[in-house]
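Each remark here refers to the structure printed beneath this line.
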Amino acid sequence: MQQKTLTEAKKRLFRGEIVIFPTETVYGIGANAENEDAIKLIYKVKKRPFDNPLICHFANIREIKTNFILKEKDIKLAQAFWPGPLTLILKKKKESKINAKLSNNQRLVGCRIPNNEIALKLLKNLDFPIAAPSANIATKTSITSIDDLDINLKNIFSIDGGSSVLGLESTVVQTTQVGCKILRLGSLTIEEIKKKFSDYKIEIIESNLSPGNQLKHYSPNKDIRINVKNVLDNEALLNFGKNNLKSKIQNLNLSIRSDLNEASHNFYNFLNILDKSKCNRIAVAPIPNHGLGKTINDRLKRAAYED
Ligand code: TXA
Ligand code: MG
């Protein structure tokens, strides 16, 4: 990526425009988090309802402490997993300049420090944080490559940072007296949190409490059938591991060696490719329900949901 592109992105953010940029999880659509009009623009292009708040991205924890109240457990999680795929729900200080529209006028805001060189370079050169949801139309799949960008978002200035290293969104966490609540499963696994904080009571909120947890979400245009034992004539196959499943239309394997890191990295890109194939539906092989597999299954369940 050229310095010129970064300078142009900065200029646009300063002017109140929106910019698509890479993170280690998925691509984001960013705006100046202190600029209400810029934030409104994100909601508009994404067709996202205002009651589903955006995540605020920072360059370092010092800036987060200026704007938010961090409890002891917040600081511990932050030190363990930032920069990285952890979004902490924090209470905004009264004097913070972060715009209220970012979080639907609520003081609880999702914050994170991304672990991506381009994102961090961008953030370090701005004197405001970046509000950024994933770079997709609401209810559609996140993207991990600029090539997968929705046609309706192609006119937005974007920085190509190659394919996202992790491939699944950040894990949204809120600390409690006794541990933490997982509001959205993501790239940071419950196992990783437990390993570092074995005394924490970890609660997974399966409901729609996190506004982005709507049942129909993260979905391609084609229908999805999950946990398949066979593949039908009109179906493309999203496979996992070694087995006898086969599609007559198109076959992609998330990870032949059953590696969940590799599967997460490939997940959205492969869904996007199969979505464009000549199938009527995408059949998905069973994915083990632990670690990152739990997050993949969460996304698949929402993608397969019929309303
Ligand atoms: O990895 C990621 O998190 C990416 C990259 C770009 O950072 N961003 C992302 O943002 O996935 P978005 O807006 O697509 O998803 C944010 C999730 C949603 O499920 C939203 O409801 C939840 O975080 N969230 C944000 N603020 C919240 C809050 N104050 N309380 C509860 N949930 C919140
Ligand atoms: Mg999203």
Check your understanding: In the range 88-114, which residues are assigned to a loop (DSSP other than H, G, I, E, B) and either buried (at least 20 other Cβ atoms within 10 Å of the Cβ) or in contact with a Lys or Arg (Cβ under 8 Å, 6 or more places away or on another chain) (or both)?
Key -> I98, N99, R107, I113, P114
Review point. Consider A263 against the criteria (1) in contact (Cβ under 8 Å) with a residue 40 or more places away in the chain; (2) in contact with a helix residue (DSSP H, G or I) (Cβ under 9 Å, 6 or more places away or on another chain); (3) closer than 22 Å to N136 by Cα: it satisfies all of them except one. Which criterion is unmet?
Key: (1)
Review point. Applying the selection to the range 262-300, what residues are part of a loop (DSSP other than H, G, I, E, B), farther than 22 Å from V173 by Cβ and not charged (D, E, K, R)?
Key: S277, C279, N280, A285, P286, I287, P288
Practice item. For residues that are hydroxyl-bearing (S, T, Y) and away from ligand 2 (no atom under 16 Å from the Cβ), scanning just the range 1-42, find the one that is farthest from E63 (Cα to Cα). Key: T5
**Study point:** Of all residues making up the range 131-157, the number that are away from ligand 2 (no atom under 11 Å from the Cβ) and either modelled with pLDDT under 95 or surrounded by fewer than 20 Cβ atoms within 10 Å (Cβ to Cβ) (or both)
**Key:** 12
Practice item. Being closer than 30 Å to F197 by Cβ and outside the structural domain of S264 (by TED's automatic domain parsing) narrows it down to one of E36, E63, so name that one. Key: E63
Check your understanding: Only one of (1) over 14 Å from L88 (Cα atoms); (2) in contact (Cβ under 8 Å) with a residue 60 or more places away in the chain; (3) in a loop (DSSP other than H, G, I, E, B) is not met by Q177, so which one is it?
Key -> (2)
Exercise for review: Could you tell me whether any residue of the range 238-254 is surrounded by 14 or more Cβ atoms within 10 Å (Cβ to Cβ), within 16 Å of ligand 1 (Cβ to nearest atom) and under 30 Å from I151 (Cα atoms)?
Suggested key: no
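The values are calculated or read from the model by the stated rules, or taken from the named source; none is laboratory data. Just so we're clear, the structure is a prediction, and the values are computed from it rather than from any experiment. Neighbour counts are summed over all protein chains in view; Cβ atoms, including those assigned to glycine, are modelled from backbone coordinates with ideal geometry.
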